[in-house]
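What follows is calculated from the coordinates using simple rules that are stated; it is not laboratory data. Nothing here was measured: the structure is a model prediction, and the numbers come from that model. Cβ atoms come from the backbone with ideal geometry, glycine included; neighbour counts cover every protein chain shown.
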Amino acid sequence: MIIRHSLAFRKDKITLYPSVLMKDDNSLPTESSFSFQRGTYEEFYAKSIEKPKEFWNEHAHILDWHSEWHQVLDQRKAPFYRWFIGGKLNLSYNALDRHLTNYRRNKAAIIWVGENGDEKIVTYHGLLKRVNALAQAMRDSGMQKGDRVIIYLPMIIESVVATLAAARIGVVFSVVFSGFGAQALADRINACKAKMVITADGGRRSGKLIDLKKIVNEALEDCPSVEECIVVNHMNNPVEMVEDRDFWYHEVTAQKHVQVEPEWMDSNDPLFILYTSGTTGKPKGVVHGNGGYGVWAANTLKWAFDPSEDDRWWCAADIGWITGHTYIIFAPLLLGVTSIMYEGAINYPEPDRMWQIVEKYGVNILYTSPTAIRMLMRYGENYPSKHDLSSLRELGTVGEPINPSAWEWYYHVIGHGRCPIIDTYWQTETGGFIISPTANLGIGMLKPGSATLPMPGIFPVVLDENGEELGINEKGYICIKRPWPGMMLTLYNDDERYKSVYFSRFKDVYFNGDYAMKDKDGYFWLLGRSDEVIKVSGHRIGTIEIEDALVASGDVSEAAVIARSDSIKGEAIVSFVVPKIGVRKEGLQEKLKRDVRKAMGPILVPDEVHVIESLPKTRSGKIMRRLLKAVYLDQMPGDISTLENEASVTEIRESIERFRKEIKK
Ligand code: WTA
């Protein structure tokens, strides 16, 4: 990944700041504080670290347990940490049934807003009915505890129903982002040998129909484990149904009045698998359990955002990513909060769509990404100023470091200087927030661009190459010293890879792949990825996945991908490809983009494709990505004594120059 470093002086130290954290005028991250009332954070945090057992014995009661745990944490098989040993619970029961016995029965659980303006409001009672109906249908088709179901749905209520129905009967669900293509979908289905797929006849995005069923049909040609496919009629789109395999959702859920007893799950039974990108080709199947994950989801939302009974919470993420899992579905529903869900693009049909939803539905807490903020910021202040945003009380962000200019725009233009910015830092693997301001415990000082302080129970350290702890304002690898309930259980079917990816780089700490530094106030500044994982519009992508997809097109023998910074998307994808002998260069760039889009989906499509004769390699044949990055950035390439083919550098430079000239035209 490329970070443009700028030198800045602080006291006697030279600190490197990535440009992502520089203000537009190139000044340093501001030290001026935005102050809110400080509460009990320090005391609360100290207890979580000093007396973890006592702390979690208390806070795990945020959920209802069918039978209580006899041990808070089992570390004997570290790094496979197990929480709430012996405890049994069901997260669909916790998200639904338990609210029905009190005043939440008629409360809106989900307010759904369609891209075309449709609206559906489902109460807790109504959601339970739907979940029961689907859980029964899944059981009727033979799905049992431990089986896997793939959920490949757009942002519709049925995606919430499907995850909770699976959770209810102990079926492990794996949501695949509906922007992924057929190959990416098939890979994920095969990786977990799913027996069932739940999809729809289509989804909407920027006014266009995405034909999900067509993609599923294509993927299922190579997925022998799938026995049944349930299809939601969302768009009245005519689709091809395969006899004895495909069934309509509304038909299989037609028995409306069933009551399905929840399966009482062991705290450490798996709840879901979510495939996410790493530094090697195969996506990693991050496995989360029931107890620890549920306790973490509910507590972190409460601590960070402190939603109240009457609040309307809008997490504007997609269900296909961990943010949607934890903070559209589980955390708000476990707490009995009203969760808003929006189907489409946030700038469609007009750039004020987001502000219009905030006004119309009286959103109290808005949680979105820096990419979205940067994009909406570009349209100017006229759009938000057309709307009454006074219902907003807090504003959140997630997914990548937020640059101070975007932070301040969000704070002043959207929040009118009243709403704290809750910059939540976390990962698929961590289950929920790990560094974030905490509205529930008092926020105190905010610094634009810093995710501030660790969540209770999280013990982060910043280490150098050798695992030594670094000092104030020194950039290094952020690692977590102790287990916490929300951490993944393992990587699906790959315990070895779990150990080697996260626990072998440094001894006894969780290594998460990010750069960070800690300032004099103990605030953490996240400084981007230290590995070959990039963040494009907040989507986490391994550069190797794009390289594999380019090579899989059949036209190129080799591909190398790097990222460049992008003012809206955060990072953009730059690829270098070597065509196979005999392949025509004309039209190749467009063809490659089309092929990648079809197989993997639009998010992996390179922004730049440079067709070249050879890639820079070491004498032992390894591609020198470091050199590619340096050439791209016009920087000194460092030691290139092992470079085998110097001519490639000239060729690459020329290709980049040609591209830039074209863009200017
Ligand atoms: C990045 C998304 C800075 C980070 C929840 C992490 C962030 C990766 C922030 C995980 C933030 C997420 N500030 N960087 N507030 N939040 N990241 O698994 O690089 O899709 O490792 O989870 O996103 O991405 P993932």
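Just a few scattered comments:
- Calculated FRET value between Lys580 and Lys208, using beta carbons and R₀ = 30 Å, to 0.05: 0.35
- Span from the segment 416-431 Cα centroid across to the segment 58-98 one, whole angstrom: 25
- Per-residue ellipticity at 222 nm computed for the chain from its helices equals -8000 deg cm²/dmol, with DSSP H segments shorter than 4 residues left out and the rest contributing -39,500 (n - 2.57).
- Seen from Lys145, the other residues with C-beta closer than 9 Å to its C-beta sum to a net charge of -3, counting Lys and Arg as +1 and Asp and Glu as -1.
- Cα-projected label distance for Phe659 with Tyr348, points at 7 Å along beta-carbon direction, nm: 2.7
- If only the Cβ of Lys and Arg carry +1 and only the Cβ of Asp and Glu carry -1, the dipole of the chain around its Cα centre is close to 460 debye.
- For q = 0.09, 0.11 Å⁻¹, Debye-computed log10 I/I(0) when each Cα of segment 43-446 counts as one equal scatterer: -0.53, -0.80
- Global form of segment 268-386, assessed from the alpha-carbon gyration tensor, a/c cut-off 1.5: oblate
- When DSSP beta bridges are restricted to pairs lying wholly in segment 482-635, around 85% turn out antiparallel.
- Its relative contact order, with pairs defined as Cα atoms under 8 Å and 6+ residues apart, puts the chain at 14 percent.
- Sites Lys51 and Glu261, calculated FRET efficiency, Cβ-Cβ separation with R0 45 Å, nearest 0.05: 0.75
- Rounded, prolate or oblate (a/c below 1.5 giving rounded, otherwise prolate when a/b exceeds b/c) for segment 134-224 by Cα gyration tensor: oblate
- Rounded to the nearest 0.05, the FRET efficiency derived from the C-beta distance between Ser500 and Tyr103 at R0 = 45 Å is 0.35.
- Axial C-alpha extent at least 15 Å, average Kyte-Doolittle at least -0.5 - helices from the chain (DSSP): 124-140, 157-169, 182-192, 291-305
- Given charges at beta-carbon only (K, R positive; D, E negative), |dipole| of segment 533-656 in Debye: 320
- Residues whose amide H falls under 5 Å from that of Gly399, counting only those 5 or more places apart or on a different chain, are Trp426, with hydrogens built in the peptide plane.
- Ranked by how many other beta carbons lie within 10 Å on average, peptides 76-84, 526-534 from highest: 526-534, 76-84
- Of all DSSP bridge pairs formed entirely within the chain, close to 65 percent run antiparallel.
- Each label was represented as a point 7 Å from its Cα along the Cα-to-Cβ direction; for Ile568 and Ser641 these points are 4.6 nm apart.
- Extending 7 Å from the Cα toward the beta-carbon at both Phe247 and Asp634 defines two label points whose distance is 6.3 nm.
- Each Lys and Arg adds +1 at its Cβ and each Asp and Glu adds -1 at its Cβ; summed about the Cα centre, segment 152-266 shows a dipole of about 500 debye.
- Segment 533-664: Cα Rg divided by the 2.2 N^0.38 Å rule of thumb: 1.01
- Selected from Pro384, Gly431, Asn116, residue furthest toward positive end of dipole (the chain; charges at beta carbon): Pro384
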